[in-house]
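Participant: The structure under discussion is supplied below as structure tokens; questions concerning it will follow.
The values are calculated or read from the model by the stated rules, or taken from the named source; none is laboratory data. Note that the coordinates shown come from a computational prediction; the quantities given were computed from them, not determined experimentally. So basically every Cβ, Gly included, is an ideal-geometry build from the backbone, and we count neighbours across all protein chains shown. In case anyone asks, the SASA skips ligands and DNA or RNA and just uses the protein heavy atoms, side chains included. Shrake-Rupley method; radii C 1.70, N 1.55, O 1.52, S 1.80 Å.
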Amino acid sequence: IKDEDIEMLHSVVSFRGVPMAKMNVENWEPVEYFQARHDDVVLATYPKAGTTWVSEILDMIYNGGDLEKCQRDTIYNRVPYMEIRIPGMPSGVDQLELLASPRLIKTHLPIQLMPESFWEKKCKVIYVARNAKDVAVSYFFFHQMVKALPDPGPWDKFLADYMNGTVSYGSWYDHVKGWWEKRKQYGILYLFYEDLKEDPKREIKKILHYLEKELSDEVLEKIVHHTSFQVMSKNDMANYKTIPNDILNQTNTAFMRKGEAGDWKNHFTVAQNEAFDNQYQEQMLGTSLHFRTAI
Ligand code: A3P
């Protein structure tokens, strides 16, 4: 990676009103005109909402619970990240064009930046949301690990940026609300991290139903076990340990960090929590969208 690329990797720019990694939006045409296939399955999330977890669940479903097949490659190659562009590597779109159907596609795009093709082709779309406070904490640690994101500074500063919606992918509120609205006109499966934590089997059954797939109870149990935090953390095809330290530094914190609902309580001060709750009430006024910050 060249110096000017590193510089660009660190930049977040406003793209059509959304703060986005400069790298990813430099050449937007391939994303904007992305050609969906009717059997594509899209997994959309705000960063840190459980993308990797549900990616692994989906790949296991599509491989009938065959563990060996799910070890064929890393999670970021099995479920490519559509809008990512890293210098010297194939872009997410390039990867996806070469992938055999049915494709599993990861994206963090807010609803208004989604390529039209997915709606036209009537693709299955799963959205996973996680409560704003745990996402803030998880995103803070992630910023410390990832070379391509700006240095988050201390927690207090990062939390302010997050609340102001100036972090990469913008406001958590806009993201979860935008996708929630879309669900009223398009059959999106809208899931919650906290529900998955509480009862993974129940939630995986919802996914199966939505995808019009059936699996035996035995296979279902196998998927629940294999995609548990404990097992996935040790799975090198899912824990991002295959990425070199200079791109994703896991020396201080692992990508599979805690995997809990309610860890925010160990990081928010009383004052921060109060300010957050005030903003939350304002921002979520009038929406039927409801989150749990603990289970
Ligand atoms: P924490 O930082 O709170 O631990 P994403 O994949 O969207 O980047 O989200 C990463 C978050 O999901 C991290 O949260 C990670 O630990 C958590 N996660 C990953 N796999 C998980 C699993 N199997 N069960 C629960 N949480 C998981």
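Participant: Would you confirm whether or not segment 119-130 contains a residue that is farther than 18 Å from G187 by Cα, charged (D, E, K, R) and within 20 Å of the chain's Cα centre (by Cα)?
Facilitator: Checked segment 119-130: at least one residue is farther than 18 Å from G187 by Cα, charged (D, E, K, R) and within 20 Å of the chain's Cα centre (by Cα).
Participant: I want to confirm something. Restricting to segment 26-58 and keeping residues that are buried (at least 19 other Cβ atoms within 10 Å of the Cβ) and away from the ligand (no atom under 13 Å from the Cβ), which single residue is nearest to the chain's Cα centre (by Cα)?
Facilitator: Looking at residues that are buried (at least 19 other Cβ atoms within 10 Å of the Cβ) and away from the ligand (no atom under 13 Å from the Cβ), I get V42.
Participant: Kindly evaluate M20 against the criterion of being over 30 Å from S216 (Cβ atoms) and either in a loop (DSSP other than H, G, I, E, B) or among the hydrophobic types (A, V, I, L, M, F, W, C) (or both).
Facilitator: yes
Participant: Could you identify the single residue in A100, A44, A49 that is aliphatic (A, V, I, L, M), touching a Ser or Thr at 6+ places or on another chain (Cβ under 6 Å) and not in a helix (DSSP H, G or I)?
Facilitator: Testing whether each residue is aliphatic (A, V, I, L, M), touching a Ser or Thr at 6+ places or on another chain (Cβ under 6 Å) and not in a helix (DSSP H, G or I) leaves just A44.
Participant: In addition: Of all residues in segment 258-269, which are among the basic types (K, R) and within 8 Å of the ligand (Cβ to nearest atom)?
Facilitator: K258 - this is the single residue of segment 258-269 that is among the basic types (K, R) and within 8 Å of the ligand (Cβ to nearest atom).
Participant: L208 fails exactly one of the following numbered conditions: (1) away from the ligand (no atom under 16 Å from the Cβ); (2) open to solvent by 20 Å² or more (accessible area, probe 1.4 Å); (3) part of a helix (DSSP H, G or I); (4) not aromatic (F, W, Y). What is the number of that condition?
Facilitator: Just one mismatch for L208, condition (2).
Participant: Here's another thing I want to ask about it. Given the condition aliphatic (A, V, I, L, M), open to solvent by less than 20 Å² (accessible area, probe 1.4 Å) and within 16 Å of the ligand (Cβ to nearest atom), answer yes or no: does some residue in segment 178-188 qualify?
Facilitator: Scanning segment 178-188 turns up no residue that is aliphatic (A, V, I, L, M), open to solvent by less than 20 Å² (accessible area, probe 1.4 Å) and within 16 Å of the ligand (Cβ to nearest atom).
Participant: Could you check A136 against (1) farther than 27 Å from E212 by Cα; (2) more than 15 Å from the chain's Cα centre (by Cα); (3) among the hydrophobic types (A, V, I, L, M, F, W, C) and say which number it fails?
Facilitator: (2)
Participant: Considering every residue within segment 234-257, establish whether at least one is within 14 Å of the ligand (Cβ to nearest atom), outside any loop (DSSP other than H, G, I, E, B) and not aromatic (F, W, Y).
Facilitator: Checking segment 234-257: at least one residue is within 14 Å of the ligand (Cβ to nearest atom), outside any loop (DSSP other than H, G, I, E, B) and not aromatic (F, W, Y).
Participant: Taking I111 as the residue in question, decide whether it is open to solvent by less than 10 Å² (accessible area, probe 1.4 Å), in contact (Cβ under 8 Å) with a residue 12 or more places away in the chain and of a type in the set (A, V, I, L, M).
Facilitator: no
Participant: If you don't mind, another one. I'd like to know if segment 155-175 contains one or more residues that are closer than 17 Å to T51 by Cα, open to solvent by less than 10 Å² (accessible area, probe 1.4 Å), touching a residue at least 60 places away in the same chain (Cβ under 8 Å) and in a helix (DSSP H, G or I).
Facilitator: yes
Participant: Right, another one. Anything in segment 54-88 that is acidic (D, E) and either more than 11 Å from L43 (Cβ to Cβ) or in contact with a Leu (Cβ under 8 Å, 6 or more places away or on another chain) (or both)? List them, or say none.
Facilitator: Selection gives D59, D66, E68, D73, E83.
Participant: From the set of residues in segment 59-108 that are among the β-branched types (V, I, T) and open to solvent by 20 Å² or more (accessible area, probe 1.4 Å), which is farthest from A21 (Cα to Cα)?
Facilitator: I86
Participant: Another question, then. So which of Y33, Y46 ends up being in contact with a helix residue (DSSP H, G or I) (Cβ under 8 Å, 6 or more places away or on another chain), of a type in the set (S, T, Y) and more than 25 Å from I243 (Cβ to Cβ)?
Facilitator: Step by step, each of Y33, Y46 is checked, and only Y33 is in contact with a helix residue (DSSP H, G or I) (Cβ under 8 Å, 6 or more places away or on another chain), of a type in the set (S, T, Y) and more than 25 Å from I243 (Cβ to Cβ).
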